[in-house]
Amino acid sequence: MSVPLVDLKWQHAQIADEVKDGMAEVMANTAFILGPQVAEFESEFAASQEVTHCVGVGSGTDALEMILRALGVGPGDEVIAPANTFIATVLAVTRTGATPVLVDSDPDCHLIDVDRVATAITPRTKVIMPVHLYGQMAPMAQLRALAEQHDLLIVEDAAQAHGARQHGKTAGNFGAAAAFSFYPGKNLGAYGDAGAVVANDAEVYDAVRRIRNWGSDRKYYHPSKGFNSRLDTVQAVVLSAKLKRMTEWNQMRRDAAARYDALLVDLPSVTLPVTLPGNDHVWHLYVIRVPDRDRVLAELNERGIGAGIHYPIPIHLQGAYAELGQGPGSFPVAERASGRDHVAADVPGHHRGPAGRSCDGASRDSRRLRFAAAVLHGPTI
Ligand SMILES: Cc1ncc(COP(=O)(O)O)c(C=O)c1O
């Protein structure tokens, strides 16, 4: 018996009938590219994020790059982004030809450090790209104040923050646009790669719609260059079915996170995740810090509990970004977060009843985590 990092089988069981009917309709109508289900999902997702526009695209990485291109970001421009993120944030920047300027994170929430952003601004800075990491939003009020003061754009990387809020406001409402990933393991996940751009700005919306479709909004007319990166109709069917349940599933994640907190709070060796005041966290990941992380991780995994490290190597130490010339010591907080004392125990989005078995042989830390997982999942381990 095991507890997977993400229980996609459970999710599928909730929507199986709806997906079957929806897929049958797509097959019958053969509108595989930009079929009506895509526009339906786009308006449903825009409504759920409380923004005016949504464009369904091929992935979260493409969504980020397309926003930057829509804003005219390119060679000579600098984009400020956190060193502690998934590589796609920064790849999107370099793919436009712009220069990523990495900054460190705050040591409690591991979100982009506003003070470091302030000192990283130069006359070439065009965009600040905060990441709403692990399911909670970056400190947007302070970032917006900086952006206004220096006449910069904000692009939100919301790949991990579907439905998250800050002082009641959702991603997409703090800057020029926000990018979402619908990679299967995300809080709203497709059955393959998929993503979306949300924005209130009609110009950004129009530009991204053209870019996703070879730079065209009229067949065979291409006033500008673009990508082939559209949300597949079959993915829209899956996403619409899951979106109806997203609020409930996010609440299950919150409940699960609260139970993890309660179970782990009295373990002095475990540092619990911290939520920024005003944030309504959606717990894409529940990231704790433990000494001797590798041992705890190995014990969890040996016992079938999915857990991982988020992220084992910060961006500046990745081979892909050796070109930045920023070696060890450049971003100490991000480096500590990736070092040997962090483990990300995922909080799966459901709770199937009480449990709690004895777990002979496990160390105290991993025993408690295992118990937490057992409680969250039901008697499956
Ligand atoms: C923070 C962050 N940004 C961007 C992405 C890229 O999304 P995708 O995998 O859909 O391209 C991801 C997820 O993979 C992510 O976690």
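Evaluate the range 97-109: report whether one residue or more is assigned by TED's automatic domain parsing to the domain that holds F227, in contact (Cβ under 8 Å) with a residue 12 or more places away in the chain, at negative phi and within 11 Å of the ligand (Cβ to nearest atom).
no
Taking the stated definitions as given, is A171 touching a residue at least 12 places away in the same chain (Cβ under 8 Å), in contact with a His (Cβ under 8 Å, 6 or more places away or on another chain) and of a type in the set (A, V, I, L, M, F, W, C)?
yes
May I ask you to say which residue of P107, P100, P82, P75 is modelled with pLDDT under 95 and not hydrophobic (A, V, I, L, M, F, W, C)?
Of P107, P100, P82, P75, the one residue that is modelled with pLDDT under 95 and not hydrophobic (A, V, I, L, M, F, W, C) is P107.
Do you know which of the residues in the range 302-343 that are buried (at least 21 other Cβ atoms within 10 Å of the Cβ) and among the small types (G, A, S) is modelled with the lowest pLDDT?
A307
Could you figure out which of (1) of a type outside the set (A, V, I, L, M); (2) closer than 21 Å to M129 by Cβ; (3) away from the ligand (no atom under 16 Å from the Cβ); (4) buried (at least 18 other Cβ atoms within 10 Å of the Cβ) isn't true of G22?
Here G22 meets the rest and fails (2).
Within the range 290-298, does at least one residue satisfy the condition of being surrounded by fewer than 16 Cβ atoms within 10 Å (Cβ to Cβ), in contact with a Ser or Thr (Cβ under 6 Å, 6 or more places away or on another chain), outside the structural domain of H167 (by TED's automatic domain parsing) and within 23 Å of P312 (Cα to Cα)?
Yes, some residue in the range 290-298 is surrounded by fewer than 16 Cβ atoms within 10 Å (Cβ to Cβ), in contact with a Ser or Thr (Cβ under 6 Å, 6 or more places away or on another chain), outside the structural domain of H167 (by TED's automatic domain parsing) and within 23 Å of P312 (Cα to Cα).
Residues in the range 92-113 that are touching a strand residue (DSSP E or B) at 6+ places or on another chain (Cβ under 9 Å) and outside any loop (DSSP other than H, G, I, E, B): how many?
Total meeting the criteria: 10.
With respect to the numbered conditions (1) assigned to a helix (DSSP H, G or I); (2) in contact with a strand residue (DSSP E or B) (Cβ under 9 Å, 6 or more places away or on another chain), which one is the sole condition not fulfilled by M23?
(2)
Looking only at strands (runs of 3 or more DSSP E) that fall completely inside the range 129-203, which ones have 1 or more residues that are crowded, with 20+ Cβ neighbours inside 10 Å, more than 10 Å from the ligand (Cβ to nearest atom) and β-branched (V, I, T)?
153-157, 195-199
Out of all the residues in the range 39-54, is one or more within 10 Å of the ligand (Cβ to nearest atom), surrounded by fewer than 24 Cβ atoms within 10 Å (Cβ to Cβ) and not hydrophobic (A, V, I, L, M, F, W, C)?
No.
In the range 64-82, which residue that is in a loop (DSSP other than H, G, I, E, B) and more than 21 Å from I315 (Cα to Cα) is farthest from the ligand (Cβ to nearest atom)?
G72
The values are calculated or read from the model by the stated rules, or taken from the named source; none is laboratory data. Owing to the predicted nature of the structure, the values given are computational and were not obtained by experimental measurement. In this analysis, Cβ positions are derived from the backbone assuming ideal geometry, glycine residues included, and neighbour counts consider all displayed protein chains.
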